[in-house]
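Only one structure is covered here, and it is reproduced in the block below.
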Amino acid sequence: LNSPIPYDQLEKISASLSERMHGYKMEDIDKIKDSIIRELYISKETSSDALMDLLPYLMEQIAKLEDVNVYADGITNILELPEYNDVVKAREFISFIEDKSSFAKLLQHTSHNDLDIYIGSENKYRELKDCSLITATYKINGKLIGRIGVIGPTRMDYNNVISTVKSISDAISDIINQNYGIESIEDKE
């Protein structure tokens, strides 16, 4: 920053951004960011000098929100299932999973519950109608920062998979929080 920005100005900018972005999905933020910045600049709610100083940083942070990291492993294992003997169906599934943006949207459209389970036709995407999806969140200081999940056949061992996914998400949360000096989930109970 070119000069220190008073805390009250930062609070005003934060409140204004929160108010204007409330209700929008992540994929819509890119479409509206220019109008939001323009509104903030025109409004007298915030200092235009402070806003102009923060603008490059704000744009960088918005871009980071859009850049979702997706890690997938074992995708081809599902091809051993009878549901995917059909080459067209198998190709559609693999294409969907390998498309980083589709997979990221899948995870973003799950609820913000600690654990979500979607079985067969409950999945929003046609490519996953023969699968089950189990996701769990991991958090820093109670704030959602990521999700992990398992995609498998609808006849999977749900108790085992749910327990494993939840344990891994809790472990990730604990490791991240310990690195930031925040007490673990078990310490809070």
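Taken together, the values in this text are just the output of simple stated rules run on the coordinates, not laboratory data. The shown structure was predicted, so the numbers you read here are calculated from the model rather than taken from an experiment. Note that we place each Cβ from the backbone using ideal geometry, even for glycine, and neighbour counts take in every protein chain shown.
Quick notes on this structure:
- Shape index of the stretch 86-146: Rg/Rh, with Rg the Cα radius of gyration and Rh the Kirkwood radius from the inverse mean 1/r over Cα pairs, equals 1.03.
- Projecting the Cα atoms of Val161, Gly149, Ser102 onto the charge dipole of the stretch 75-188, computed from C-beta unit charges around the Cα centre, puts Ser102 farthest toward the positive end.
- Assigned charges on the beta-carbon of Lys, Arg, Asp, Glu; the stretch 75-188 dipole about Cα centre (debye): 360 debye
- Taking Tyr118, Tyr57 and counting other C-beta atoms within 10 Å, the order from fewest to most: Tyr57, Tyr118
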